[in-house]
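Peer 1: Structure in structure tokens, see below.
The values are calculated or read from the model by the stated rules, or taken from the named source; none is laboratory data. As the structure is a computational prediction, the values presented were derived from the model and not from experiment. In this analysis, Cβ positions are derived from the backbone assuming ideal geometry, glycine residues included, and neighbour counts consider all displayed protein chains. The accessibility values were calculated without ligands, DNA or RNA, using every heavy atom of the protein model including side chains. Shrake-Rupley method; radii C 1.70, N 1.55, O 1.52, S 1.80 Å.
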Amino acid sequence: MPRSIDDLIAQADELAGVFERYEPDDEDRGEPALLAIRRAAHRRALIERELLESVRRARAEGTSWERIGTGLGTSGEAARQRYASRVDA
């Protein structure tokens, strides 16, 4: 089930906090794949935050949802449904 942008941003904020407080422990040292997953999740959270800010800026500059959707590789309507409540509020 697709998650809303609010869900993604909330998770991004939560993950950012987890990573900022993270200290490796003995379990982590033996699991490089788990560390790679954590790093990738952190990067994804950062990208989601950057993407939202970019969409906000584009809308503030008057860019249409159609053009934003094209930039995201989707339709304008899909972009609007995903971001409008966070951007146009």
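Peer 1: With an 8 Å Cα cut-off and a minimum separation of 6 or more residues, compute the relative contact order for the chain in percent.
Peer 2: Once divided by the residue count of the chain, the mean separation gives 30 percent.
Peer 1: Round to a whole number: what % of the accessible area of the chain belongs to carbon and sulfur, probe 1.4 Å?
Peer 2: Ligands and nucleic acids excluded, carbon and sulfur reach 51 percent.
Peer 1: What is the angle, in °, between the Cα long axis of helix 5-21 and the longest principal axis of the Cα atoms in the chain? Nearest 10 is fine, range 0 to 90.
Peer 2: Helix 5-21 sits at roughly 30 degrees to that axis.
Peer 1: In what sequence, highest mean first, do 34-40, 54-60 appear when ranked by Cβ atoms within 10 angstrom?
Peer 2: 54-60, 34-40
Peer 1: Is the shape of region 45-89 best called rounded, prolate or oblate, per the rule: a/c under 1.5 gives rounded, else a/b larger than b/c gives prolate, else oblate, with a ≥ b ≥ c the square roots of the Cα gyration tensor eigenvalues?
Peer 2: Since a/c stays below 1.5, the shape of region 45-89 is classed as rounded.
Peer 1: Compare the Cα positions of A78, G17, S4 along the charge dipole of the chain (+1 at Cβ of Lys, Arg; -1 at Cβ of Asp, Glu; about the Cα centre) and return the one farthest towards the positive end.
Peer 2: Highest projection toward the positive end goes to A78.
Peer 1: Still on this model: Averaging over every viewing direction, what projected area does the convex hull of the Cα atoms of the chain cover, in nm²?
Peer 2: Its average projected convex-hull area is 6.9 nm².
Peer 1: Another one. Report, in degrees rounded to the nearest 10, the 0 to 90 angle that the Cα long axis of helix 76-87 makes with the longest principal axis of the chain.
Peer 2: Approximately 70 degrees, to the nearest ten.
Peer 1: What angle do you read, to the nearest 10 degrees and between 0 and 90, between the alpha-carbon axis of helix 32-60 and the longest principal axis of the chain?
Peer 2: 20
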